[in-house]
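Accompanying notes for the structure given below.
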Amino acid sequence: MPSSTSSAALVLGAALFWSGLDWSRKALSARLAPEPLLVGLAFAPAPLFLAWYLAAGAAAPLPSYWLPALCSVALNWIANVAFLQALAIAPLSVTIPLLSLTPAFTALLAVPLLGERPTLLQTAGILAVVVGAFLINLAPGESPRALWTAFRRERGAVGFVGSSASTNVAIVG
């Protein structure tokens with residue numbers, strides 16, 4: 001079992017790298033159009049993953065794999081372009097928390113696809129995350145009744161939510 005120090009270092013390192021990725025995507029999205037930025041972000045790690053794939057001795061994918069895989073790639077492309085467009089026009093402090101909606105979309109998709117239904121406690125947790133993600137869009141002193149208006153006011157919010165939903169559909173595909 002790993003020590004608590006190494007676990008804490010791993011968590012801290014992962015958090016720093018994710019924060020760095022978010023910061024770099026935000027900085028780059030101000031300078032590049034979403035499509036070329038997405039190509040760079042998608043293909044930069046490709047040699048590493050190809051080397052890993054080859055080193056693992058994995059078999060070539062079956063022909064039946066390619067259509068669902070290409071559909072998944074297309075949906076991911078749409079999701080990531082929406083994400084990068086939203087990132088270019090929205091503050092990170094308001095919109096990145098909206099990515100916490102991804103597990104909510106996953107739970108919703110699990111109902112028809114897998115027949116899995118969240119428990120009452122899990123549903124309460126999902127609702128807390130959803131409400132929190134929307135509450136962060138409220139201006140100081142603004143009433144929670146203005147939640148939907150506050151969400152729509154943030155130009156990048158809809159793109160972030162669409163990105164989360166599309167990513168889930170692409171993963172299922």
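The values are calculated or read from the model by the stated rules, or taken from the named source; none is laboratory data. This structure is a prediction, so every number in the text was calculated from the model and none was measured. Please note: Cβ atoms are built from the backbone with ideal geometry, for glycine as well, and neighbour counts cover all protein chains shown. These accessible areas exclude ligands, DNA and RNA; they are computed on the full protein's heavy atoms, side chains included. Shrake-Rupley method; radii C 1.70, N 1.55, O 1.52, S 1.80 Å.
Below, the figures for the structure above:
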{"quantity": "Residue 110 vs. criteria surrounded by 11 or more Cβ atoms within 10 Å (Cβ to Cβ) and over 30 Å from residue 155 (Cβ atoms)", "calculated": "yes"}
{"quantity": "Candidate set from the range 3-32 (those that are among the polar types (S, T, N, Q) and under 18 Å from the mean Cα position of the chain (by Cα)); member that is nearest to residue 96 (Cα to Cα)", "calculated": "19"}
{"quantity": "Residue match in the range 139-146 (condition: touching a Leu at 6+ places or on another chain (Cβ under 8 Å), modelled with pLDDT under 85, open to solvent by less than 40 Å² (accessible area, probe 1.4 Å) and in a helix (DSSP H, G or I))", "calculated": "yes"}
{"quantity": "One residue from 93, 64, 72 being among the hydroxyl-bearing types (Ser, Thr, Tyr) and farther than 30 Å from residue 152 by Cβ", "calculated": "64"}
{"quantity": "The range 92-118, residues that are more than 16 Å from the chain's Cα centre (by Cα) and free of Cβ contacts under 8 Å to residues at least 24 places away in the same chain", "calculated": "110, 111, 112, 114, 115, 116, 117, 118"}
{"quantity": "Some residue of the range 71-90 being free of Cβ contacts under 8 Å to residues at least 40 places away in the same chain and surrounded by fewer than 11 Cβ atoms within 10 Å (Cβ to Cβ)", "calculated": "no"}
{"quantity": "Subset of the range 1-31 [open to solvent by 80 Å² or more (accessible area, probe 1.4 Å) and farther than 18 Å from residue 160 by Cα]", "calculated": "1, 2, 4, 5, 10, 11, 12, 16, 17, 31"}
{"quantity": "Selection from the range 1-21 of residues that are assigned to a loop (DSSP other than H, G, I, E, B) and either of a type outside the set (A, V, I, L, M, F, W, C) or at pLDDT 85 or above (or both)", "calculated": "2, 3"}
